[in-house]
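Colleague: I'd like to ask you about the structure that follows.
The values are calculated or read from the model by the stated rules, or taken from the named source; none is laboratory data. Worth saying up front: this structure is predicted, and the values here are computed from it rather than measured. Glycine also receives a Cβ, built like all others from the backbone with ideal geometry; neighbour counts cover every protein chain displayed.
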Amino acid sequence: MQERRLEGLSEKIFLDRYAWKNADTGETKAGDVVLVLTKDDPKFPSKDVGEVVKREGKNVTVKLRSGELVESTIEKLTLTIEKTPEEMWARLANAMASVEETPEKQEVWAEKFRWLLDDWKLVPGGRIAAGAGASEELTLFNCYVIPSPHDSRGGIMQTLAEMTEIMARGGGVGINLSSLRPRRSIVKGVNGTSSGAVSWGGLFSYTTGLIEQGGSRRGALMLMINDWHPDVEDFITVKQTMGQVTNANLSVCVSNAFMKAVKEDADWELVFPDSQDPEYDILWDGDLDKWKQRGKKVVHYRTVRARDVWNTIIESAWKSAEPGVVFMEYYNQMSNSWYFNPIICTNPCGKVA
């Protein structure tokens, strides 16, 4: 079977995102196909494909596909093991067949999978392409939604740790911030007030920007907040301030009742559970309806005009392309898992803005 090399942007994307890599760039030698960092910007780095033509110690000369010679160091290289889709397909086929009980069956199924993958007849998800057969440390799932943070310092740090672990292994994460108490609300245990749900979203966003997934891309994060949350207006406009939340997609979870209020130009109540309730720390998980059904007190923060909130969403989306909206109540009404696993958020891949 003749191997076909990709060209241009297709080759760069393949080598950067999906090809199996050698993390030890100390093994770089002349003739290796590499990605070389040509713009060392922490926020917007740029890489180009080339071939190492000379190495002296840690210094290398790379001939880019354009013919240009670039002087660099091994620390700025991504050293590839696979150079072509055919090499990747062979790895994937063997990984898929590895669950069979005998070597004979593994060989049979590897051939079948290899035929299916050939010439892009079947294209597995990106995390499967990058991880299967390459490392057991990588996830083969693209998308995750993790539970809303418990409204405590320890709960927020636990969510941060879970998010970081998933992203470091290649997965994207969705988090609904509605479980976190509003800005300036009382935190009795430390005799102070909360910085609010949006500020903690900034922490998740900042951490996302620090994570390199296999050295090829930063993490992917979706942050959402429900339309009843007192911080919803701050959430809607946060991206209009440069640098506050820069590494996350944002969406407001919209209810049927909110849209009815928008249509009728009615008032809308912004509320949050009473955090002084003796069972708050045990029972509160971000589900306001469940909290109310238990007969628990809800604190009214302020009344707004629903249409004003809606217009703010539209204006902000025009200014900064965010937030999006997710019709979460309708989403759950249409979901066949509503009765045992309600949808509280989506991954970045699962949102339509």
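Colleague: Any residue in segment 219-231 that's assigned by TED's automatic domain parsing to the domain that holds Pro182 and closer than 17 Å to Asp285 by Cα: show its pairings with residues that are acidic (Asp, Glu) and modelled with pLDDT under 95 at Cβ separation under 6 Å, as long as the two are six or more apart or on different chains.
Modeller: That search, which allows pairs on different chains as well, returns nothing.
Colleague: Would you say Arg91 is surrounded by 14 or more Cβ atoms within 10 Å (Cβ to Cβ), touching a Phe, Trp or Tyr at 6+ places or on another chain (Cβ under 7 Å) and of a type in the set (D, E, K, R)?
Modeller: For Arg91, the condition - surrounded by 14 or more Cβ atoms within 10 Å (Cβ to Cβ), touching a Phe, Trp or Tyr at 6+ places or on another chain (Cβ under 7 Å) and of a type in the set (D, E, K, R) - is met.
Colleague: Looking at segment 245-259, which of the residues that are hydroxyl-bearing (Ser, Thr, Tyr) and in a loop (DSSP other than H, G, I, E, B) is farthest from Leu160 (Cα to Cα)?
Modeller: The residue in question is Ser255.
Colleague: Can you pull out every residue in segment 4-55 that is part of a strand (DSSP E or B) and either within 22 Å of Arg218 (Cβ to Cβ) or in the same structural domain as Leu92 (by TED's automatic domain parsing) (or both)?
Modeller: Lys21, Asn22, Val34, Leu35, Val36, Leu37, Thr38, Lys39, Ser46, Lys47, Asp48, Val49
Colleague: Is segment 165-172 home to any residue that is under 22 Å from Pro323 (Cα atoms) and of a type in the set (D, E, K, R)?
Modeller: No, segment 165-172 has no match at all.
Colleague: Sticking with this one: Residues of segment 58-96 being part of a strand (DSSP E or B) and under 30 Å from Pro124 (Cα atoms), which ones?
Modeller: Correct list: Leu64, Leu77, Thr78, Leu79, Thr80.
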